[in-house]
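Written out below as structure tokens is the structure these notes cover.
The values are calculated or read from the model by the stated rules, or taken from the named source; none is laboratory data. Just so you know, these numbers come straight off a predicted model, no measurement behind them. Note that we place each Cβ from the backbone using ideal geometry, even for glycine, and neighbour counts take in every protein chain shown. When the accessible area is computed, the model is the full protein with side chains, heavy atoms only, and any ligands, DNA or RNA have been set aside. Shrake-Rupley method; radii C 1.70, N 1.55, O 1.52, S 1.80 Å.
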Amino acid sequence: MLARAHAFTIDGLRTRHVNVEVDVRPGLPAFAIVGLADTAVREARERIHAAIRNSGYEFPNRRITANLAPGGFPKAGPGLDLALACAVLAASGQIPAVGLEDTALFGELGLDGSITASQGTLAVAGATRRAALDKLILAGTRVHEAQLIPGLHVAVAESLTSAVRVLSGGEPDPTPSRASRLRARGCERPSLLDLSEVSGQHNAVRALVISAAGGHNCLFSGPPGTGKTMLAQRMPSILPPLSRNEALEVAQLHSAAGEPIEALSSVRPFRAPHHSITAAGLIGGAQRGWVGEAALAHRGVLFLDELSEFARPTLEALRQPLEDGRVSIVRARHSAVYPTRFMLLAATNPCPCGHAGDGDRCSCSEAELARHRRRLSGPLLDRLDLLVDLHRETTSEGRLGSLESSEQARRRALDARERQRSRLRAHGIGLNAEMDAGALREHVRLDGRGEAMVSAARRRGLLSARGESRLLRVARTIADLDGVDRVRTRDIGAALALRPYATDTERSVA
Amino acid sequence: MSSSGTVHEALGACAGCRRRSWLLSALSVLLDFRAQDRARLDELLSLDDRDLLRSLGGRRQSELSARYEALSTEQIAEAPGVEAVCRHHSLYPRALRDDPASPWMLHVAGGRRRLALLAGAPVVAITGSRRASDYGVEMAHTLARGLAASGVTVICELADGIASAALAGALEAGGPALALPGNGLGVRWPTTKRPLYASLLRSGCALSELPHDCRGRRWGAVAGERIVARLAGLVVVVEAEEKPEEMALARAAGARGKTVAAMPGRLTSPLSSGTHALLVDGARLVRGAQDVLDLLYPLAPARRSSRGAVAEPGIPGLEPMLARILALVGTGRDTPDRLIEPGEDPAKALLALSELELMGLLGRGAGGRYVPRHPAWALEGAAGTHAAPDTLTAATQGI
Ligand SMILES: Nc1ncnc2c1ncn2[C@@H]1O[C@H](COP(=O)(O)OP(=O)(O)OP(=O)(O)O)[C@@H](O)[C@H]1O
Ligand SMILES: [Mg+2]
């Protein structure tokens, strides 16, 4: 006899519908799973066997063939257990097959028949809705992730018996209360750090706000303990909240990576991978659940602390994601495309000993300085719009206090973003950092003095062609923060002071 | 002395001197052990071939002697682009000629004719720490540029820090420059030095006592120092710590009766401790190219006192806001946070900093601090190869 059930598998970021077909016929007892199943799926045979018997059902002592259709792509993970078990029960006539027709099943079985939530619940819920199935049965621990998808009927089943009961029209298990879920995972909503805790370093704080307002990539350089990491960590507090659609997109990415999703958060992601990360860790892999940090930072901030310590290939790998806003990975049997529209923040010491520019404390040789510079330069420095130097402050500067609170800064950044959005709508973009040559020509018109400054900078070798476009984008944002329509000379001047530059020493020996 | 005694003008060096050059490369490793003691190394280098072999050869003496005797001069070739000049040649620099401790033969990239020309002009050595501050780099660069522009030949070792900055400055003025790397001229340069070396060969010469593929390790630099001390008529120490290796050139030149000059730095900076010690010991204080030229071509005292080597504070025609910011940076308020008063509109100061940078009056030093640049350099640069002055003033007016 033949039975069918609906399930889903996650392949990179795509969630694919899987038709689980089970056929039971007379013959020597055997249980085969075909259709490009990975190890976790093949191991399911043992789990399903035990779970069915321990739930009080009969495991058919006949020849069982399970086919995962369509067969063209690999299926991975234990999330198919529940669908397989139910199809076996229906094919052996122990439960009616009708209930399986319009219901998706998602969960891993324990030997005692209990159901465990699998990672990627949110993504599966979204796919269930798109596949026009009525109902999704899953374990209680992740049910709220599925409930984020509007218009989907979600039923909780904590065990195989409960799942069978729901399939034959019975009552689902109760949804666990939010409080008990939180306790179960020890998870809390992070409270955002505030900009008002930063004392002094006003130039860097202003740069941070410019960067937040225009979406510009930014590098902080300075001696240890001057607040580089501190500033970067406060970036999410001045970024505008995620829209509902963006939040759902972000949550799905994080869900696919196996992170528990409590609720849709409007706070932009902030990812700060350690500098020992590999290129694959940063951009992700083609296989299921292997989402890189770049994709996890999508719509938020990717912060590379101690930039000069990252391996060169790792930084090289960031070029495509930075340029295209997405990264595609193709391997022998898998391929995946991840969205990567993040803002890049980075921090570094100005030299290997960390004290360059701090009186005569720096003890680095010229060769060491050159090596440090070489590690930073090249692919990445070329894509940074702002370079801010932080300095150890003398006591008189230390008492300057904070420049502004996150609340004030966010409001200014939001206003500036609003101006950009309405101006750039026709170009299909929303941020100054995304302006191409055409948009720049149209929206950054300089007066004579501004033009003279830009061309003087070019003649002096202070700006490359690429550097010039970045300068204009940053100047546009500075004007937007002041609520001004025209880019003024002073905006160009301020942008020039924040441009990535080469020091005199580097130029004189080059 | 050379056994043949005849110099083939086209070949540049006689057989005896070329054999000497071969011997130095054969003994290079052994010489390196003696490099710590400069006086001893000087002594060794002034021995003749057989005595040198006897003093250094040790256990390998008989083997080396045999190879030395069997050597045919055809086996000693110069690298492409490198010429030899030995002390019997008419183009060998006069300053080195009558001194037993001078090298017997020099390998010259850039041509021996040019070497003779450059060594015939007044020669000033610029030296200092290999680990220089922004201030030191700036001073060395400006000084060398000024001297080169006045037709003085700048000579320095080809080393990091002050020496490289000076060389770059002299070459920027299209200048006459001589440089002494511590290796043979065929040894590969570190990548960072390659562009500097390439531009050196356009208007100056690189000299080495070592055969082209010979690594000098430590002794090569010391041997180079002794050539600099002999070729230069005057030595300027720009910034040096009070360590034997950073002071050696000045001491050697002083011992030979050459004028030693030094530039002052901050008393609190350990990087200037050596120059200050020299000044206390009676070195001449120089503030820039003009002071050095005054030492080379002494003028009547009355006239000298009226000439400042450092420009008067303030640059004629500079807009008041820019002048104010430039002066503040000079006093050490060299970051935006130090320049912008709380509550003040930050854009004004930032714009001024950028304008000054575009005019070449400010540069960026270590840690991104703004560093004042020498006005003469800045304005010449603006008027010459870079911007036309009228566009610059247009950009600076009415901030
Ligand atoms: N400007 C500042 N205002 C207030 N606190 C500061 C400031 N700068 C540093 N601190 C304090 O010093 C600590 C260290 O700062 P932070 O980690 O940001 O330094 P850093 O610049 O990243 O140094 P490193 O180069 O060592 O990574 C902070 O946690 C904070 O307590
Ligand atoms: Mg840090």
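Hey, can you grab everything whose amide H is under 5 Å from the amide H of A:Ile33? Only 5+ residues off in sequence or another chain; H modelled, so Pro and N-termini drop out.
Hits under the 5 Å cutoff: A:Ala66.
Out of all DSSP beta bridges in chain B, what portion is antiparallel? Express it as a percent rounded to 5. Kindly include the intermediate steps, with their values, before the conclusion.
Details: 11 of 31 bridges.
The answer is about 35 percent antiparallel.
Under a plain spin-label model, where a point goes 7 Å from the Cα along Cα-to-Cβ, how far apart in nm are A:Glu249 and B:Asp51?
Roughly 8.4 nm, to one decimal.
On a 1.4 Å probe surface of the protein chains, which of A:Phe73, A:Phe270 comes out largest in accessible area, and what is the full order? Display every interim value, and only then the final one.
Values: A:Phe73 15, A:Phe270 60 Å².
Solvent-accessible surface, decreasing: A:Phe270, A:Phe73.
For B:Met321, tell me the accessible area in Å² from a 1.4 Å probe, rounded to the nearest 10.
Result for B:Met321: roughly 40 Å² accessible.
Anyone know which of B:Ile155, B:Ile325, B:Ile340 comes out most mobile in the 10 Å Cα GNM of chain B?
Largest GNM mean-square fluctuation: B:Ile340.
For region A:339-487, what % of the accessible area comes from carbon and sulfur atoms, probe 1.4 Å?
It is 45 percent, rounded to a whole number.
Suppose the chain between A:Glu259 and A:Arg425 were pulled fully straight at 0.36 nm per residue; how much longer would it get relative to their current alpha carbon spacing? Intermediate values should be presented prior to the final figure.
Values: separation 166, 0.36 × 166 = 59.76 nm, distance 3.41 nm.
Fully extending the segment from A:Glu259 to A:Arg425 adds 56.4 nm.
What percent do you get for the relative contact order of chain A when only Cα pairs under 8 Å and 6+ apart count? Can you show the working numbers first?
Values: 1015 pairs, mean separation 69.7, N = 510.
Relative contact order for chain A comes out at 14 percent.
What residues have an amide H closer than 5 Å to that of A:Ala104, excluding those fewer than 5 places away on the same chain, when H is modeled at 1.01 Å from N in the peptide plane?
A:Lys135, A:Leu136, A:Ile137
What is the calculated FRET efficiency for A:Asp23 to A:Asn54, with r their C-beta to C-beta distance and R₀ = 22 Å, to the nearest 0.05? Kindly include the intermediate steps, with their values, before the conclusion.
Details: r = 24 Å, r/R0 = 1.08.
The calculated FRET efficiency here is 0.40.
Have a look at the DSSP beta bridges in the protein assembly as shown and tell me what percent are antiparallel, nearest 5. Mind dumping the intermediate values first?
Numbers: 37 of 85 bridges.
Antiparallel bridges: around 45 percent, rounded to the nearest 5.
Beyond 43 Å, what percent of the Cα pairs of chain A remain? Display every interim value, and only then the final one.
On the way: 40817 of 129795 pairs.
Distances greater than 43 Å cover 31 percent of the Cα pairs.
Name the long-range amide H neighbours of A:Phe270: under 5 Å, sequence gap of 5 or more, or other chain; modelled H, no Pro or chain starts.
Distant-sequence amide H within range of A:Phe270: A:Val301.
Before anything else, pin down the relative contact order of region A:97-255: Cα pairs under 8 Å, at least 6 apart, normalised by residue count, whole percent. Mind showing how you got there, number by number?
Details: 177 pairs, mean separation 29.8, N = 159.
Normalised by residue count, the contact order of region A:97-255 is 19 percent.
Which semi-axis lengths, in whole Å and largest first, follow from the square roots of five times the eigenvalues of the Cα gyration tensor of the protein assembly as shown? All intermediate terms of the calculation are to be shown ahead of the outcome.
On the way: eigenvalues 1027, 279, 87 Å².
Equivalent ellipsoid of the protein assembly as shown: 72, 37, 21 Å, largest first.
Find the all-direction average of the projected area of the Cα convex hull for region A:1-73, expressing the result in square nanometres with one decimal place. Could the numbers behind the result be given before it?
Details: hull surface 21.1 nm².
So the Cα hull casts an average projection of 5.3 nm².
Compute for region B:1-113: radius of gyration divided by Kirkwood radius, i.e. Rg/Rh, restricted to C-alpha atoms, rounded to two decimals.
Details: Rg = 14.2 Å, Rh = 14.8 Å.
Rg/Rh for region B:1-113 comes to 0.96.
Kindly express, to the nearest 10 degrees and within the range 0 to 90, the angle between helix B:320-330's C-alpha long axis and the longest C-alpha principal axis of chain B.
40
How large is ³J(HN,Hα), in whole Hz, for each residue of region A:253-259 in order, when computed from phi with the Karplus curve 6.51 cos²θ - 1.76 cosθ + 1.60 and θ = phi - 60°, using x for Gly and Pro?
Rounded to whole hertz, the list is 4, 5, 5, 5, 7, x, 7.
Tell me, what HN-Hα J-couplings in whole Hz come from the Karplus equation 6.51 cos²θ - 1.76 cosθ + 1.60 at θ = phi - 60° for each residue of region B:41-49, using x for Gly and Pro?
Here the 3J(HN,Hα) series is 5, 4, 4, 4, 5, 8, 6, 7, 3 Hz.
Interface B/A, total buried accessible area with a 1.4 Å probe, nearest 100 Å²?
Numbers: alone 18710 and 22680 Å², together 37370 Å².
Summing both sides, the interface buries roughly 4000 Å².
Report for region A:195-509 the percent antiparallel among DSSP-assigned beta bridges with both residues inside it, nearest 5. Spell out each step's value before the answer.
Numbers: 6 of 20 bridges.
Roughly 30 percent of the DSSP beta bridges within region A:195-509 come out antiparallel.
Convert each backbone phi in region B:261-277 into a coupling constant with the Karplus relation 6.51 cos²θ - 1.76 cosθ + 1.60 (shift: θ = phi - 60°), then list the ³J(HN,Hα) values in order as whole Hz, x for Gly and Pro.
10, 9, 9, x, x, 7, 5, 7, 8, x, 5, 9, 4, x, 5, 5, 4
Quick one: if you take sqrt(5λ) for each eigenvalue of the C-alpha gyration tensor of region A:1-124, what semi-axes come out, biggest first, whole angstrom? It would help to have the intermediate numbers written out before the result.
Working: eigenvalues 91, 47, 38 Å².
One finds semi-axes of 21, 15, 14 Å for region A:1-124.
For the protein assembly as shown, what is the accessible area per residue in Å² when the probe is 1.4 Å?
Values: 37370 Å² over 909 residues.
For the protein assembly as shown, the solvent-accessible area averages 41 Å² per residue.
Working from the pairwise distances between different alpha carbons, so that the mean of 1/r is found and then inverted, what is region B:320-373's Kirkwood radius in Å? Please list the in-between numbers first.
Working: mean 1/r = 0.0917 Å⁻¹.
By the Kirkwood definition, the hydrodynamic radius is 10.9 Å.
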